[in-house]
Amino acid sequence: MMNEDYRLNDRVISVVRDYLVAYPAEAEGLIPLLDLATTAAPVTARTTLPGHVTCGAVAVDTTFRVLQVRHRSLDRWLFPGGHVDDADATLAATALRELAEETGVLPSAVRPLRDLPVDIDVHAIPENPEKGEPEHTHYDFRFIFQILRSTGPGTVDLRLDEVTDHRWIPVSDLDGPTGARISAVLAG
């Protein structure tokens, strides 16, 4: 299993390096992930601490709105996403699986708009005594997908054990670098 962990870590390192070519200013925040990925600890495993990789889906409909879900545990609006499973072939596949699991939007209903993440968001996750998890860091690899056919925001079928609500917001309403990058990808 350790060889597979090293291969996964090598893939994460490769994606981060390619990402940093486009966004070199983010290197400082991603150095801890790169350092962790050089160890035997599988950086895609939810048990790896002090942090690990998660993946999110930025799903954009034909009217340039993005789908967000209200996360049950964190009580915040987020892009659909979550932890990497052993069966996930790629990081983008994790994002697609999570999009389908949390919202019912199937992989066949979207197409990727780029191979690399549009953003790698680094954020702290608070301690969760119920799950026996200490405070830790998520390195959330966010992949952007276009919903193929939609005359409106599309049909969403929420997984209510993980999320409590959903909304579609204009890309222009997203703050920070993620909103600007999504706009740039959509502009071509």
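The trypsin sites (Lys or Arg not before Pro) of the stretch 90-155 that meet both conditions, a loop assignment by DSSP and at most 15 other Cβ atoms within 10 Å of the site Cβ, are Arg114, Arg149. The HN-Hα couplings worked out from phi for the stretch 106-114 by the Karplus form 6.51 cos²θ - 1.76 cosθ + 1.60 (θ = phi - 60°) are 7, x, 5, 9, 9, 9, x, 9, 7 Hz, whole numbers, x standing for Gly and Pro. For the stretch 50-187, the fraction of 1.4 Å probe accessible surface lying on carbon and sulfur atoms is 51 percent. Angle of helix 176-187 to the longest C-alpha principal axis of the chain, folded into 0 to 90 degrees and rounded to 10: 60°. Could you work out which residue, out of Ile169, Ile144, Ile120, moves most in a Gaussian network model of the chain, that is, has the largest mean-square fluctuation with Cα springs under 10 Å? Greatest mean-square fluctuation among the candidates belongs to Ile169.
Once all protein chains are placed together, Ser73 keeps about 80 Å² accessible to a 1.4 angstrom probe.
Against the criterion of solvent-accessible heavy-atom surface with a 1.4 angstrom probe, Leu106, Leu186 sort, most first, into Leu106, Leu186.
Under a 5 Å amide H cut-off, with hydrogens placed 1.01 Å from N, Thr54 pairs with Tyr139, Asp140, Phe141 among residues at least 5 apart or on other chains. Full extension of the chain between Arg70 and Arg149 gives 26.0 nm of extra length, using 0.36 nm per residue less the Cα-Cα distance.
Taking each residue as 0.36 nm, the span from Thr63 to Asp165 lengthens on full extension beyond its C-alpha to C-alpha distance by 34.7 nm. Counted over the chain, the DSSP beta bridges are approximately 70% antiparallel. Remark on Ile144: its backbone amide H falls under 5 Å from those of Val58, Leu113, Arg114, Val118, a criterion applied only to residues 5 or more positions apart or on other chains, H modelled at 1.01 Å from N.
Largest first, the residues Asp18, Asp121, Asp157 sort by 1.4 Å accessible area into Asp157, Asp18, Asp121. Could you identify which residue out of Phe143, Phe64, Phe79 has the top mean-square fluctuation in a GNM of the chain using Cα springs shorter than 10 Å? Largest GNM mean-square fluctuation: Phe64.
Surface exposure of the chain, expressed per residue as accessible area with a 1.4 Å probe, stands at 51 Å². When the chain is treated as a GNM with alpha-carbon contacts under 10 Å, the residue of Pro126, Pro50, Pro170 showing the greatest mean-square fluctuation is Pro126. Phi angles across the stretch 10-25 convert, under the Karplus curve 6.51 cos²θ - 1.76 cosθ + 1.60 with θ = phi - 60°, into 3J(HN,Hα) values of 4, 5, 4, 4, 4, 5, 5, 4, 5, 4, 5, 4, 7, 10, x, 5 Hz, Gly and Pro given as x.
Its relative contact order, with pairs defined as Cα atoms under 8 Å and 6+ residues apart, puts the stretch 1-61 at 35 percent.
For the pair Glu101 and Glu130 in one chain, pulling the backbone fully straight at 0.36 nm per residue adds 8.2 nm over the alpha carbon distance.
The values are calculated or read from the model by the stated rules, or taken from the named source; none is laboratory data. The model shown is predicted, which means the values in this text are computed figures rather than measured ones. Here the Cβ is made from the backbone with ideal geometry for all residues, glycine too, and neighbour counts use every protein chain on show. Note: areas computed on protein heavy atoms with side chains; ligands, DNA, RNA excluded. Shrake-Rupley method; radii C 1.70, N 1.55, O 1.52, S 1.80 Å.
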